[in-house]
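Input: a single structure, listed below in structure tokens.
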Amino acid sequence: MRRFAVLGNQNATSQSLMSSSKPLILRPSQDGISCAAALLSKGALVAFPTETVYGLGADARNGQAVAAIYEAKARPSFNPLIVHVPDVETAKVYGHWSENADLLAQTFWPGPLSLVLPLKDDHGLSGLVTAGLDSVALRVPAHPAARKLLMAFGGPVAAPSANPSGRISPTTAAHVTAGLGSKATGILDDGPCSVGLESTIVGVTGAPALLRSGGVTREDIEAVLGVALDDPMQGQISAPGQLASHYAPKAQVRLEATNKRDDEVLLGYGPIEGDINLSPEGDLKEAAARLFECLHELDATGRPIAVAPVPKNGLGAAINDRLRRAAAPR
Ligand code: AMP
Ligand code: MG
């Protein structure tokens, strides 16, 4: 019995593919790659192989598509996502380039190394990708199918591992299907991944720092830079990769607000209109997509921020997690 549509030679439209109830298994042929790129352009999720694990990809400029990643993985919180690009030139569109970035990129790209760089102005990325931070993690993967997809798509692709949150990372297309079912519209299947380890993450926003160990070793990176890497991970080994300092508004934040007090500005949701509204229709995906942009906008007023209640189900769990962190005393 054939359980999934296999496309190497597509003539269905992207729109009909997005409404399909089963993931499309795409081969890395020219047609399969074009189809996967077209799905990304439409805001759909496409799982694809990298040399580390299968990633769950979305157009990093499309907030709703990025929100769909969190929804599909049922992630309990918004951690920033790594943005995959086809080459160094594209990386420079989003991150401020530096000598250290250049040394590392020349040596390890394409490959399992992600660089955290200061975010450029007018970057066009969804605020959800960087989780509101003013830095961005970028990587040029080496896997041939991933490279072909990124080149065909011609834009930045946000992609965490293509598994439900808390489960083992997928190294085959079958793992992706088993974990996510039809939550990915397409899966680019090119067999098993070779490394199976996550990418190493190096921060180059200041003194170079090892943010997560992975496929490229500390020693190799230090040899290229000629300096020892800072080690902000020390004492945090229970949560490698989770260290990114979280964006929090400068202002005081008050949750579960149904009206404004004193000089507050109100972040609305659904019927509680507010000064700006996360989603007047009460759509959690839209609210997630707009969360960081809205917080930044209200924070710029310099006034305390009151936040209307947001439901706790589905994507609401991650939204509330981030709002609680924003409201926590610091
Ligand atoms: P992954 O789950 O493999 O996609 O890795 C995501 C991890 O990359 C996050 O948990 C962070 O540790 C790191 N990361 C991504 N973007 C940033 C950023 N802008 N600044 C700092 N760390 C980041
Ligand atoms: Mg993962």
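The values are calculated or read from the model by the stated rules, or taken from the named source; none is laboratory data. Since we're looking at a predicted model, the values are computed, not measured. Because the Cβ atoms are built from the backbone with ideal geometry, glycine has one as well, and the counts that use them run over all protein chains shown. We work out accessible area using only protein heavy atoms, side chains counted, and drop any ligands, DNA or RNA first. Shrake-Rupley method; radii C 1.70, N 1.55, O 1.52, S 1.80 Å.
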Within segment 38-94, how many residues turn out to be at pLDDT 95 or above, among the aliphatic types (A, V, I, L, M) and part of a loop (DSSP other than H, G, I, E, B)?
-> 5
Filter result for A173 (out of contact with any His (no Cβ under 7 Å at 6 or more places or on another chain) and away from ligand 1 (no atom under 16 Å from the Cβ)) | yes
Return a yes/no flag: does segment 305-318 have any residue that is of a type outside the set (G, A, S), assigned to a helix (DSSP H, G or I), at pLDDT 90 or above and under 28 Å from R212 (Cβ atoms).
-> no
Applying the selection to segment 179-205, what residues are assigned to a helix (DSSP H, G or I) and within 12 Å of ligand 2 (Cβ to nearest atom)?
-> G179
Tell me which residues, restricted to segment 101-156, are outside any strand (DSSP E or B), β-branched (V, I, T) and under 19 Å from the mean Cα position of the chain (by Cα).
-> V129, T130, V140
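Quick grid of which residues meet (1) within 16 Å of ligand 1 (Cβ to nearest atom); (2) open to solvent by less than 20 Å² (accessible area, probe 1.4 Å); (3) without any contact (Cβ under 8 Å) to a residue 12 or more places away in the chain:
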residue	(1), (2), (3)
D31	no, no, no
A60	yes, yes, no
A65	yes, yes, no
A68	yes, yes, no
A72	yes, yes, no
P86	no, yes, no
E89	no, no, yes
G95	yes, yes, no
L103	no, no, no
Sort out which residues of segment 168-178 are over 13 Å from F48 (Cβ atoms) and not in a helix (DSSP H, G or I), and write them in order of number.
-> I168, S169
The listed residue being more than 16 Å from ligand 2 (Cβ to nearest atom) and either crowded, with 17+ Cβ neighbours inside 10 Å or not aliphatic (A, V, I, L, M) (or both), out of V176, V157, V140, V129 = V140
